[in-house]
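Engineer: One structure, pasted below without further comment.
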Number of protein chains: 2
Amino acid sequence: MFEAKIYITFKEGVVDPQGITIKGALESLGYRSIYDVRMGKYIQMKLNTQDKEKAESDLKQMCAKLLANPVIEDYRYEIEEKCGK
Amino acid sequence: MFEAKIYITFKEGVVDPQGITIKGALESLGYRSIYDVRMGKYIQMKLNTQDKEKAESDLKQMCAKLLANPVIEDYRYEIEEKCGK
């Protein structure tokens with residue numbers, strides 16, 4: 001069993017309306033020190049396989065094909081083996 | 001300047017419809033080894049302050065008040081000092 005953590009973020013220069021909205025909302029709550037907010041996605045995935053190489057290559061394909069939009073988003077992932085359950 | 005990374009995830013036991021949909025979509029693309037997918041949020045925030053303690057306490061409050069829903073979501077954050085710009 002492998003556990004993967006995938007982080008998907010907008011590429012630099014891409015406008016992030018959700019981040020801008022969050023920044024505005026936090027400022028209206030009185031937090032004045034915020035310089036920038038960028039919103040991304042965090043996906044936790046459990047893979048039921050023994051083969052780390054296969055898991056990694058699958059993960060890369062999944063990110064490129066479905067999870068991230070490579071035109072405007074970057075992705076990175078961490079993968080670690082989980083023993084037991 | 002501090003840079004914070006905030007990870008917001010559903011608490012265990014809370015149904016995650018987005019995660020279930022992603023799992024289904026990946027399976028329909030032929031990835032059979034997926035055991036579980038959980039969708040979360042990943043927020044990158046830049047704080048324009050010199051005071052790390054203040055930055056941390058602000059961050060905690062922001063997560064509890066606005067960024068996460070403490071009834072169904074957990075949050076954690078990392079904070080590090082950035083030199084220069």
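Engineer: Label position 7 Å from Cα toward Cβ: report the copy-to-copy distances for residue B:5 in nm, one decimal, ordered from shortest.
Structural biologist: Values, ascending and in nm: 0.7.
Engineer: Label position 7 Å from Cα toward Cβ: report the copy-to-copy distances for residue B:32 in nm, one decimal, ordered from shortest.
Structural biologist: Here residue B:32 shows inter-copy label distances of 6.1 nm.
Engineer: How far, in nm to one decimal, is residue A:69 from itself in the other copies if the label point is set 7 angstrom along Cα toward Cβ? Shortest first, please.
Structural biologist: Copy-to-copy label distances for residue A:69: 2.4 nm.
Engineer: Would you mind checking A:60/B:23; A:23/A:60; A:23/B:60; A:60/B:60; A:82/B:60 for any pair whose Cα atoms are more than 26 angstrom apart?
Structural biologist: Listed pairs above 26 Å: A:23/A:60; A:60/B:60; A:82/B:60.
Engineer: Can you tell me the orientation of helix A:52-62 relative to chain A, as the angle in degrees between its alpha-carbon axis and the longest Cα principal axis, to the nearest 10?
Structural biologist: 40 degrees
Engineer: What's the minimum Cβ distance from chain B to the axis relating it to A, in whole Å, and which residue gives it?
Structural biologist: Here the value is B:42, 2.
Engineer: How well do other chains shield peptide A:23-32, expressed as the mean number of their Cβ atoms within 10 Å of each residue Cβ?
Structural biologist: Counting Cβ atoms of other protein chains within 10 Å of each residue's Cβ and averaging gives 3.
Engineer: Can I ask one more? Projecting each Cα onto the charge dipole of segment B:12-70 (Lys/Arg +1, Asp/Glu -1 at the beta carbon, about the Cα centre), which of B:26, B:64, B:13 comes out farthest on the positive side?
Structural biologist: B:26
Engineer: OK, next. Spin-label point model (7 Å from Cα, Cβ direction): what's the residue A:76 to residue A:52 distance in nm?
Structural biologist: In this crude label model, residue A:76 to residue A:52 measures out at 1.9 nm.
Engineer: Out of every Cα-Cα pair in the protein assembly as shown, what percent are more than 21 Å apart?
Structural biologist: Taking all Cα-Cα pairs of the protein assembly as shown, the fraction more than 21 Å apart is 53 percent.
Engineer: Right, another one. At 7 Å along the Cα-to-beta-carbon direction for both residue B:61 and residue A:83, put a label point, then send me their distance in nm to one decimal.
Structural biologist: If labels sit at residue B:61 and residue A:83, their model points lie 4.4 nm apart.
Engineer: Sort B:57-65, A:35-43 by the packing proxy (mean of other Cβ within 10 Å over each peptide's residues), most packed first.
Structural biologist: Going from most to least packed, we get A:35-43, B:57-65.
Read the figures in this text as sums done on the coordinates, not as results from a lab. Everything quoted here is computed from the prediction, not taken from an experiment. Positions of Cβ are generated from backbone atoms using ideal geometry, with glycine treated the same way; all protein chains shown enter the neighbour counts.
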